[in-house]
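Derivation of every value follows stated rules applied to the coordinates shown; laboratory data play no part. These numbers come from a predicted model, not from an experiment. So basically every Cβ, Gly included, is an ideal-geometry build from the backbone, and we count neighbours across all protein chains shown.
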Amino acid sequence: MPREGLEVENLHLWRGEHHVLRGVGFALPRGGCLHVTGPNGAGKTSLLRAACGLLYPESGRLLWDGRDVHEDLPTFHSVLMYIGHEAPLKADLSARENLRYWIGTRRRIGRDTLGAALQRVGATAWSERPARTLSAGQRRRVALAALSLLLVPLWLLDEPTTNLDAEGQQLVGTLIEEHLARGGLVLAATHHELPLPRSRVQRLELTHE
């Protein structure tokens with residue numbers, strides 16, 4: 001019987017002549033968090049992008065609940081949320097409008113639910129401002145609100161605490177812990193420790209060859 005969760009088997013990925021990922025593999029079960037670390041250029045972002053089907057590896061397999069995700073990428077994409085270094089916000093829309101558009105393409109959300117998510121991340125006071133006027137930390141908080149609203153099992157997070165103050169970093173840890181408690185999965189790449197108890201986190205360190 002196939003295991004539930006995300007599995008990566010012997011992943012090899014090249015970027016030009018550079019062999020970025022060399023036989024990377026791991027199993028991430030429901031309720032699990034994998035913290036990917038390593039120096040700049042070691043392939044952390046490439047691994048996350050391959051893990052959500054945005055990059056195609058030269059060899060290896062990516063399995064979701066025992067099934068190769070490339071057999072049906074749209075279905076796989078429906079169960080995940082990927083947040084890169086920059087939140088995908090439209091500059092001339094407000095934080096609230098961005099969330100309504102971003103989440104509304106995948107599920108219906110009511111005004112009260114949207115407002116509660118903005119309040120949770122400390123965004124109420126500036127939620128009507130255009131995204132182009134927000135600081136990097138404020139834009140990151142909008143992305144955190146999106147995480148809490150989308151209700152998908154798999155989170156793929158690239159430097160989720162970047163540009164956040166201490167309170168915001170702790171909020172990331174709280175959101176991840178709540179997600180794991182619901183049976184969600186988190187694959188996170190960072191240069192720093194995640195704000196989570198070590199007992200909650202598996203580690204994968206990528207290195208230069």
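Descriptive notes on the structure:
- Cβ charges +1 (Lys, Arg) and -1 (Asp, Glu), total dipole of the chain, debye: 620 debye
- Over the chain: helical MRE at 222 nm, DSSP H runs n ≥ 4 each giving -39500 (n - 2.57), nearest 500: -9000 deg cm²/dmol
- Calculated FRET efficiency, H12 to R182, Cβ-Cβ distance, R0 = 41 Å: about 0.80 to the nearest 0.05.
- Computed label-point distance, nm, for sites A116 and A27 using a 7 Å Cα→Cβ extension: 3.7 nm
- Neighbour counting of Cβ atoms within 10 Å sorts the residues H179, H85, fewest neighbours leading, into H85, H179.
- Membrane-span-like helices in the chain, defined purely by DSSP H runs whose alpha carbon atoms cover 15 Å or more axially and whose average Kyte-Doolittle hydropathy reaches -0.5, are 136-150, 166-181.
- The stretch 30-74 - convex hull of alpha carbons, volume per residue in Å³: 93 Å³
- Inter-site label distance for N163 and T124 at 7 Å from Cα along Cβ, in nm: 2.4 nm
- Fewest-first ranking of T37, T161, T124, using other Cβ atoms within 10 Å as the exposure measure: T124, T37, T161
- Ascending count of other beta-carbon atoms within 10 Å, so fewest first, for W155, W126: W126, W155
- Answer label for Cα extents along the principal axes in Å (calculated), chosen among [x] 46, 38, 31; [y] 50, 39, 30; [z] 47, 35, 35: [z]
- Residues in the stretch 95-130 that a label on Q170 would reach, taking backbone N under 19 Å of a point 7 Å out along Cα→Cβ: 119-124
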